[in-house]
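The values are calculated or read from the model by the stated rules, or taken from the named source; none is laboratory data. Not measured: the values here are computed from a predicted model. With ideal geometry, Cβ positions are generated from the backbone for all residues, glycine too; neighbour counts draw on all protein chains shown. Side chains are part of the model used for accessible areas, which takes the heavy atoms of the whole protein and leaves out ligands, DNA and RNA. Shrake-Rupley method; radii C 1.70, N 1.55, O 1.52, S 1.80 Å.
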Amino acid sequence: MSPLLSTDKVATNPTLAVLGFKRQIVYHLHFWSFIAVAPLVLVQWNHGNYLLSALLVLFCTNALLVIALLRYRNVYFLKGRLFPLLAVICAAYSTTINGHAGLYWAYPAATALFFLLPLREATTCNIFFVTVMAVVSFLKFPEADFWRITFSLGLTCLFAMIFAWLVGRLQGELTRLATTDPLTGCLNRSQLADILNSQIQMRERYERVSSLILLDLDYFKSINDQWGHLAGDQVLAELAIRTRRRLRESDQLFRIGGEEFMLVLPETRQRDAETLAQELLTSISAHPFGDDIRITASASVAEVAKGETWSVWLNRADQSLYQAKSQGRNQVVSAPRTADASGSPDDGGAELIAET
């Protein structure tokens with residue numbers, strides 16, 4: 001994904017959208033840093049500050065490498081770790097030889113670190129940055145200036161850290177809200193294709209099989225009609241809680257329709273998925289929900305076949321679920337095993353997602 005990719009193109013995947021915004025920040029910070037610092041190379045050279053000019057050339061070279069690799073290779077060069085190192089060295093040395101003229105560059109550099117590095121790394125780098133600049137200021141300026149510089153730079157870093165922390169929490173919360181179902185807390189369809197594709201890649205590259213279970217409550221409309229929609233919501237929420245208790249940490253639970261759920265089971269053979277599906281159906285039918293609401297469910301199981309797309313895989317499970325419904329409900333039907341799939345796109349899975 002290009003760092004300049006419009007967020008509209010990745011809006012269907014909230015995780016990719018956040019990643020796209022982060023890479024755009026990295027891209028633009030390095031771009032404008034290059035624009036601001038490049039002229040200073042000649043300025044310092046003309047003033048006879050050849051070492052500082054060379055350091056600024058390294059800073060600009062790093063910025064160009066980050067920009068180019070993000071733009072054409074989608075790679076974050078050294079994960080931005082050269083920026084803080086060169087920023088500290090350049091700012092400290094420039095302040096030593098140029099006085100206040102060099103000090104002014106420390107403030108934007110310190111702030112930028114919180115948008116280029118993980119919060120913990122940025123905080124550590126800024127503590128070191130402020131310490132170095134405090135030592136330089138103590139040796140270079142009067143005591144009154146030393147205290148002003150140390151506290152103003154420290155407060156700038158503190159405010160930037162708080163802002164970056166809050167933005168990070170906001171991004172995490174928005175991603176959670178965009179990727180989960182508010183009623184049950186299950187994942188929603190925005191993540192479905194990516195997660196199924198990741199399991200297919202594990203199958204293709206490492207021969208690690210995965211299975212999925214489609215679970216659909218039987219005659220769920222009658223619950224809403226008899227007990228009301230609030231009772232129906234309580235059934236769905238409790239069903240999600242019961243199901244999670246039976247899952248491993250690596251398993252993932254989706255709500256893909258009104259009363260339809262999907263379980264993605266990494267490194268699970270079809271026979272093991274069948275056992276789990278039968279246990280879930282037994283638990284649903286044996287233990288009432290809420291105010292003695294009794295209900296059953298139907299399920300289908302499908303193990304991913306080599307060469308098939310996520311939509312084909314999901315469509316096979318959907319066809320088996322339809323079979324379980326037509327055969328009387330309250331049962332598990334497994335999708336026929338296929339030795340090799342054609343791998344050609346199939347719209348069945350996409351239609352299922354659209355309809356549910």
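Values for this structure:
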read-out: Accessible area of the chain divided out per residue, in Å², using a probe of 1.4 angstrom; value: 52 Å²
read-out: ³J(HN,Hα), Karplus 6.51/-1.76/1.60, whole Hz, each residue of the stretch 169-179, x for Gly, Pro; value: 5, 5, 4, x, 5, 5, 5, 4, 5, 7, 10
read-out: Thr296 - accessible surface, heavy atoms, 1.4 Å probe, Å² rounded to 10; value: 40 Å²
read-out: Relative contact order for the chain, counting Cα pairs under 8 Å that sit 6 or more residues apart, in percent; value: 12 percent
read-out: With every protein chain in place, the chain: carbon and sulfur % of accessible area (1.4 Å); value: 60 percent
read-out: Per-residue ³J(HN,Hα) for the stretch 125-139, Karplus 6.51 cos²θ - 1.76 cosθ + 1.60, θ = phi - 60°, Hz, x for Gly and Pro; value: 4, 6, 4, 5, 4, 5, 4, 4, 5, 5, 5, 4, 5, 5, 7
read-out: Rel. contact order, % - alpha carbon contacts under 8 angstrom, at least six apart, the stretch 169-290; value: 32 percent
read-out: Expected 222 nm ellipticity per residue - DSSP helices of 4 or more, -39500 (n - 2.57), all of the chain, to 500; value: -22000 deg cm²/dmol
read-out: Note, ³J(HN,Hα) from phi for the stretch 61-67, Karplus 6.51, -1.76, 1.60, rounded to Hz, x at Gly and Pro; value: 4, 4, 4, 5, 5, 4, 4
read-out: Length-normalised contact order for the stretch 97-221 - Cα pairs under 8 Å, 6+ apart - percent; value: 18 percent
read-out: On Cα atoms only, tilt of 192-206 relative to the major axis of the chain in degrees; value: 90 degrees
read-out: Label-to-label distance, nm, for residues given as Ile162 and His47 (7 Å Cα→Cβ offset); value: 3.4 nm
read-out: Where N is the number of residues in the chain, Cα Rg divided by 2.2 N^0.38 Å; value: 1.39
read-out: Fraction of the pair-distance distribution of the stretch 95-150 above 17 Å, Cα-Cα pairs, percent; value: 37 percent
read-out: Sites Ala286 and Arg120, calculated FRET efficiency, Cβ-Cβ separation with R0 56 Å, nearest 0.05; value: 0.70
read-out: Potential lengthening between Thr275 and Arg244 on full extension [0.36 nm per residue; Cα-Cα distance subtracted]; value: 9.6 nm
read-out: For the chain, built as a Gaussian network whose Cα springs stay under 10 Å, the top-fluctuating residue of Leu174, Leu139, Leu239; value: Leu139
read-out: Segment Lys221-Ala144, extension gain: residue separation times 0.36 nm, minus the distance between their alpha carbons; value: 20.2 nm
read-out: For Phe115, solvent-accessible area (1.4 Å; no DNA, RNA or ligand), Å²; value: 70 Å²
read-out: Residue of Pro84, Pro108, Pro142 that the Gaussian network model of the chain assigns the largest fluctuation, springs spanning Cα pairs under 10 Å; value: Pro142
read-out: Cα-based convex hull volume of the stretch 53-97 per residue, rounded to whole Å³; value: 48 Å³
read-out: Residues whose placed amide H lies under 5 Å from that of Glu259, excluding near-sequence neighbours; value: none
